[in-house]
Amino acid sequence: MGANSSSMGELANNDYLKRLAGNTAINPIDPFWNQLLSYSFLIPINSADGKLLEESTVGICKTLAINNARSGNFGALVRNFLVRATELKASAQCEDNIFTWQTYNALFIIRSLCKYFVEHLSEELIIQQFEAKPPDMGGYADPEDIGPLTEELMNSLVELLVDVPVLSFTYALHLEALNTLLVLLSLQMFQPQPASKFVLYKYIMQGRCSIHACLLVKSLLRNFSGQEKCPPELYKHTGDNSSVMASVAASFWSVMTLGMGGAAEKKEEDYHETLLANQSLLFLLVLTNHCTTDHSMHNPYRQALFAFTNSQDPSSSSPTKTPATFKLDFSQLYDALCVALRDDQSTLLLYLLIHRNTLMKAFILSRTNIDQLVMPLLKILYHAQDRNSHHIYMALIILLILSEDDVFNKAIHEIVIRNIPWFKERPISEITLGGLLILVVIRTIQYNMTRMRDKYLHTNCLAALANMSSQFTNLHPYVSQRLFDYVQYDGVRPVEVECKGRTGLCKYDGVSQMQDLAVLEEVIRMMLEILNSCLTSSLHHNPNLIYTLLYRKELFAQFRTHPTFQDIIQNIDTVLAFFNTKLEQNGHTATVSPAEVLDLIKDGSKQFRRDHLRKFPDLKFKYVEEESPEEFFIPYIWSLVYHSSNMYFNASRIVLFSLTSS
C-alpha cells in the first residue's frame with residue numbers, strides 16, 4: 001500500500017504493511033502514517049474479492065498479531081484514526097476530500113486486521129491487541145484518560161454514522177464504519193456463547209455507544225429509507241490513479257472503486273446497488289436482535305426501533321412511557337419497504353416493525369396502497385422453491401399479523417390487481433388482491449405439504465386464511481375452485497398408498513400428500529371451517545363460491561359419516577340443499593347455462609336465511625412470538641450477514657449456524 005497503487009498479489013510484500021506488522025514501534029508523528037494512508041488500492045466490495053484479499057494478507061495479519069504486544073502498532077493505527085475521526089464532521093462540511101480519503105484508508109486497514117482477530121482469537125486476546133501500548137505514546141491521549149480503546153473505536157464509529165452527513169465522498173466512509181462494526185460484533189458467529197457475555201456487546205449495549213442509540217437507529221433507518229445508490233464516482237474510473245494527490249477533483253475517488261480491482265470497469269447500469277441501505281439494515285438487525293432475553297442487559301436499540309414515531313404526524317407520540325425516542329417519516333420508510341421487500345433482511349425489518357411498533361403497524365394498515373406492500377410478500381411465497389425456509393416463514397407471519405385486522409381483510413377485496421407477470425398457474429387478467437392472496441397461501445400449503453413438511457408453516461397458512469374468511473368477498477371462480485381442492489380426502493380408509501421420492505411423501509389418488517393422516521385431517525378440517533366461516537358471514541357476496549360448491553357437491557359425501565368432520569359439514573349441507581332446491585324449481589338443471597345458474601344463485605342469496613346455519617365460534621388467530629426468539633433470529637441474522645454483506649467470512653470457522661441450512 002502506501003502512496004503507490006497496489007494489487008492484491010503484491011500486498012504480502014508491501015513495505016508499509018510489513019513495517020506496520022513488524023516488532024518495531026512506529027512513532028505517532030512518523031511520516032510513515034501519512035504515507036501508509038495515502039494508498040490507491042482498489043477496495044474489495046464482494047465476498048470473492050474479500051477472500052482474495054484475505055488470502056493475500058493473512059501472513060501480514062498473523063505477524064502483526066504476534067508482534068503487536070511489543071510494538072503497539074495496531075493501537076497506534078487505531079489512535080491515528082480516532083484523532084482523524086474527531087475532525088470528520090468539520091471535514092465533511094468543508095469537503096476536505098484528502099482528509100476523508102486517508103481516514104477511510106485507516107479504517108479499512110483496521111477492519112481488515114479486526115477481521116483476522118475475530119476469526120482467530122478469543123475475545124480476551126482481541127481486546128489485548130487493542131490495549132497493547134506503543135513504548136512512546138507521543139501526542140496520543142493516555143489510555144487511562146479515554147477508556148478502553150476497543151470501546152473508543154466503536155463509539156467513534158457510532159458517532160461517525162450519527163454526525164457525519166452522507167455525501168458522495170463520505171458514502172464509502174459510512175460503508176466502512178458499518179463494516180467494521182459488523183466485523184467486531186461478528187464474534188458471535190465464531191464463539192459459542194450468548195452475546196450478553198461478550199465485552200464487545202456490553203460496550204455497544206451499555207457503554208458510551210448506547211447514549212447514541214436513538215440517533216443511531218434513526219440514522220440507520222434513514223439510510224435504508226433513502227435507498228441511495230452507490231455514487232458513480234465509486235465505481236467509474238475517472239482518472240489516473242497515480243495523480244490522486246495532484247488532482248483530487250479528477251481522480252480522488254477513482255482509487256476507491258470499492259473492489260473492481262484489476263477487472264474491467266463495470267457499466268453504470270450494472271452497479272446501481274443501494275449498498276449503504278443494505279449494510280445499515282444488516283447492522284440494525286444485529287443491534288436490535290441481540291441481548292433481548294438477558295434481563296441484566298437492556299437493549300436500547302430495540303427499544304428505539306419499537307417506539308419511534310411519525311415525524312409527519314404532529315399528534316404522534318410514543319406508545320411507551322420512555323421519553324427516549326425519535327421521529328421519522330413513516331411514508332418514506334413505507335415506500336422504501338415496498339421497493340426493497342425482496343430479500344430476507346427487508347422482510348425481517350418489516351416483521352419487527354409490524355409486530356412490535358404499534359404506531360408503524362397502524363400506519364401500514366391505514367394505507368390505501370397496501371397492495372404495494374402485500375404484492376412483494378406474495379411474490380416471495382409464490383417463488384418459495386427459490387427461497388430459504390426462514391424467508392418464507394417471515395413473509396407468511398407478516399401476512400398472518402396483517403390478517404388479524406378486519407379493516408385489512410375487507411380492504412384487500414376492494415383492490416383490483418391486473419396483469420401479474422409472475423403468476424404462472426393460469427392466465428388471470430383481473431383479480432382482487434384478496435383473491436390473489438388466497439391463491440398464493442393455498443399454493444404455499446401445497447408446497448409445504450409436498451416439499452418442506454413444516455407443521456408450523458401450514459398451521460400459519462391456515463390461520464391467515466381463517467382470519468380472512470369472514471371477509472371473503474366476490475371470490476374469483478379460480479379462487480373458489482382452489483379452496484375446494486383441499487376438500488378431497490380418501491383417508492377414511494387409506495388404501496392404494498404408493499410412496500415415491502423422499503421418505504414421508506405419498507401419493508393419494510394422484511395428489512401428493514404427507515404420510516401422516518392426522519396432519520391431512522387437520523388441514524381438511526380447517527379448510528372446511530374456512531368455507532363454513534365464509535358461508536355464514538358473506539354467502540351473498542360470493543356467488544362463484546356457491547357455484548363451485550354445487551358443482552363439486554359430491555366431495556362432501558365422504559365427510560358426513562366421519563367423526564372429525566360431521567359437525568362442520570352440517571352448514572354446508574344446509575346451503576347445498578337450499579340452492580339445489582332453487583335450481584330444481586327453475587327447471588331441469590342439465591339445461592341451465594352457467595350464467596343462468598349464477599343468476600339463480602345471486603337471486604337465491606337474497607332469500608337465504610343465515611339464521612338457519614349453526615353458529616360456530618369466530619375463526620380468529622393471533623400470532624405469538626416464541627418464548628426464546630434469539631434461538632431463531634440470531635443464527636438467521638448472521639447467516640444474512642454472511643450471505644448479503646458483500647464481506648468474506650471464513651466459513652470453516654463459523655460455529656453459530658450451518659451453511660447447509662442457512
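The values are calculated or read from the model by the stated rules, or taken from the named source; none is laboratory data. This is a predicted model, so every value here is computed, not measured. For neighbour counting, all protein chains shown are included, and Cβ atoms are generated from backbone atoms with ideal geometry for every residue, glycine included. Keep in mind that these areas ignore ligands, DNA and RNA; they rest on the heavy atoms of the full protein, side chains included. Shrake-Rupley method; radii C 1.70, N 1.55, O 1.52, S 1.80 Å.
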Next on the checklist: Tell me yes or no: at least one residue of the stretch 122-143 is touching an Asp or Glu at 6+ places or on another chain (Cβ under 8 Å) and either open to solvent by less than 10 Å² (accessible area, probe 1.4 Å) or at pLDDT 85 or above (or both).
Outcome noted: no
Item to check | One residue from Ile431, Ile392, Ile401 being hydrophobic (A, V, I, L, M, F, W, C) and outside any helix (DSSP H, G or I) | outcome: Ile431
Item to check | Leading residue by the ranking (farthest from Phe117 (Cα to Cα)) among those in the stretch 10-26 that are surrounded by fewer than 16 Cβ atoms within 10 Å (Cβ to Cβ) and touching a Gly at 6+ places or on another chain (Cβ under 9 Å) | outcome: Asp15
Item to check | Residue list for the stretch 463-509, restricted to those being part of a loop (DSSP other than H, G, I, E, B) and either at pLDDT 95 or above or open to solvent by less than 50 Å² (accessible area, probe 1.4 Å) (or both) | outcome: Ser470, Gln471, Phe472, Thr473, Leu475, His476, Tyr486, Val487, Tyr489, Gly491, Gly504
Checklist entry - For the stretch 323-365, which residues satisfy the criterion of being without any contact (Cβ under 8 Å) to a residue 12 or more places away in the chain and part of a loop (DSSP other than H, G, I, E, B)? => result Pro323
Checklist outcome for this item: Note on the stretch 399-437: residues farther than 18 Å from Lys379 by Cβ, at pLDDT below 95 and among the hydrophobic types (A, V, I, L, M, F, W, C) are none
Checklist entry - Hey, does the stretch 416-423 have a residue that's open to solvent by less than 30 Å² (accessible area, probe 1.4 Å), assigned to a helix (DSSP H, G or I) and of a type in the set (A, V, I, L, M, F, W, C)? => result no
Checklist entry - If you go through the stretch 624-659 one residue at a time, how many are over 22 Å from Asp343 (Cβ atoms) and in a loop (DSSP other than H, G, I, E, B)? => result 6
Item to check | Output for the stretch 567-578, where each listed residue is closer than 15 Å to Lys615 by Cα and more than 43 Å from the chain's Cα centre (by Cα) | outcome: Gln570, Asp573, Thr574, Val575
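Okay, residues lined up against (1) over 16 Å from the mean Cα position of the chain (by Cα); (2) on the phi > 0 side of the Ramachandran plot:
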{"site": "Ser389", "(1), (2)": "no, no"}
{"site": "Leu396", "(1), (2)": "no, no"}
{"site": "Leu400", "(1), (2)": "yes, no"}
{"site": "His413", "(1), (2)": "yes, no"}
{"site": "Asn419", "(1), (2)": "yes, yes"}
{"site": "Pro427", "(1), (2)": "yes, no"}
Item to check | Filtered residues of the stretch 556-602 (kept if open to solvent by 60 Å² or more (accessible area, probe 1.4 Å) and touching a helix residue (DSSP H, G or I) at 6+ places or on another chain (Cβ under 8 Å)) | outcome: Arg560, Gln566, Asn586, Thr589, Pro594, Lys602
Next on the checklist: Looking for something in a helix (DSSP H, G or I), touching a Lys or Arg at 6+ places or on another chain (Cβ under 8 Å) and at pLDDT below 95 - is there at least one such residue anywhere in the stretch 586-595?
Outcome noted: no
Checklist entry - Residues Lys606, Lys620: which one is touching a helix residue (DSSP H, G or I) at 6+ places or on another chain (Cβ under 7 Å) and surrounded by 12 or more Cβ atoms within 10 Å (Cβ to Cβ)? => result Lys620
Checklist entry - How many residues are open to solvent by 20 Å² or more (accessible area, probe 1.4 Å) and not charged (D, E, K, R) when one looks only at the stretch 86-101? => result 7
Checklist entry - Going by the conditions given, is Ala340 modelled with pLDDT under 95, open to solvent by less than 30 Å² (accessible area, probe 1.4 Å) and over 18 Å from Cys461 (Cα atoms)? => result yes
Checklist entry - Quick one: is Tyr636 open to solvent by 30 Å² or more (accessible area, probe 1.4 Å), under 22 Å from Met394 (Cβ atoms) and of a type in the set (Ser, Thr, Tyr)? => result no
Checklist entry - Among all residue pairs at least 6 apart or on different chains, which show Cβ distances below 9 Å where the first residue, located in the stretch 286-310, is on the phi > 0 side of the Ramachandran plot and the second is hydrophobic (A, V, I, L, M, F, W, C) and surrounded by fewer than 20 Cβ atoms within 10 Å (Cβ to Cβ)? => result Cys291/Met297
